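Working notes for the structure below.
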Amino acid sequence: MKALYRATLTHHRLVDPQGTFRHRTYIWLSSVDGGLRLANPRGFNPLTVYWHLRPGGSVENVVAEVHNTYGQKHSYQLAGERGAVAKELYVSPFLDMDGTYDIRVPVPDERLSIMVTLTQQGRTSLVATLRGERVRVTRWSRARAMW
């Protein structure tokens, strides 16, 4: 394990029915073969991010793996830390299947800041963010992350 982040996941739905959802969580950043993986250590994991790194440490590409509550998942391939991709997975009864995601996934350092914006029919319908700060890994913080 490389780092632990205390984070807040926020969804702002900007189309009817409008609404905002916030959830506090812990997110693990771990080393994997050839890169890094960011994932929720427990329960439902809506987004897992894989950064594939070049030998010098720069980002070669990114895979953003989205999971829905129906047990389905879809991987979106990005050429770097930001990209636009067509929506391919049903994730909400309030949002149609059409649209384009603008995904911003910079490699976390002391801060974690991920943003996914969904544009449908020429307007922003959803903005989802995952923001947090790195916390020191102790027995206590590890236990809290697993609750």
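On inspection, Val32 does not qualify as crowded, with 16+ Cβ neighbours inside 10 Å and over 22 Å from Pro17 (Cα atoms). Take Tyr70 and tell me if it is in a loop (DSSP other than H, G, I, E, B), under 29 Å from Val15 (Cβ atoms) and not β-branched (Val, Ile, Thr). Spelling it out, Tyr70 is indeed in a loop (DSSP other than H, G, I, E, B), under 29 Å from Val15 (Cβ atoms) and not β-branched (Val, Ile, Thr). Evaluation of Pro108 against the conditions (1) at pLDDT 95 or above; (2) part of a strand (DSSP E or B); (3) under 12 Å from the mean Cα position of the chain (by Cα) shows that the sole unmet condition is (2). Within the range 35-52, the only residue that satisfies the criterion of being surrounded by fewer than 16 Cβ atoms within 10 Å (Cβ to Cβ) and modelled with pLDDT of 95 or more is His52.
If you take the residues in the range 1-12 that are open to solvent by 50 Å² or more (accessible area, probe 1.4 Å) and in contact (Cβ under 8 Å) with a residue 40 or more places away in the chain, which one is nearest to Gln121 (Cα to Cα)? Checked the range 1-12; the qualifying residue nearest to Gln121 (Cα to Cα) is His12.
For the range 77-121, residues that are under 27 Å from Tyr26 (Cα atoms), crowded, with 16+ Cβ neighbours inside 10 Å and of a type in the set (Ser, Thr, Tyr) total 2.
Being closer than 20 Å to Gly122 by Cβ and either surrounded by 13 or more Cβ atoms within 10 Å (Cβ to Cβ) or hydrophobic (A, V, I, L, M, F, W, C) (or both), is that true of even one residue in the range 15-25? Looking through the range 15-25, at least one residue is closer than 20 Å to Gly122 by Cβ and either surrounded by 13 or more Cβ atoms within 10 Å (Cβ to Cβ) or hydrophobic (A, V, I, L, M, F, W, C) (or both). Restricting the range 27-65 to residues that are in contact with a Ser or Thr (Cβ under 8 Å, 6 or more places away or on another chain) and either assigned to a strand (DSSP E or B) or among the charged types (D, E, K, R) (or both) leaves a set whose member that is nearest to Tyr101 (Cα to Cα) is Ala64.
The values are calculated or read from the model by the stated rules, or taken from the named source; none is laboratory data. Quick caveat: nothing in here was measured; it's all calculated off a predicted structure. Reconstructed Cβ throughout: ideal geometry from the backbone, glycine too, with neighbour counts over all protein chains shown. Just the protein is used for accessible areas: all its heavy atoms, side chains included, with ligands, DNA and RNA removed. Shrake-Rupley method; radii C 1.70, N 1.55, O 1.52, S 1.80 Å.
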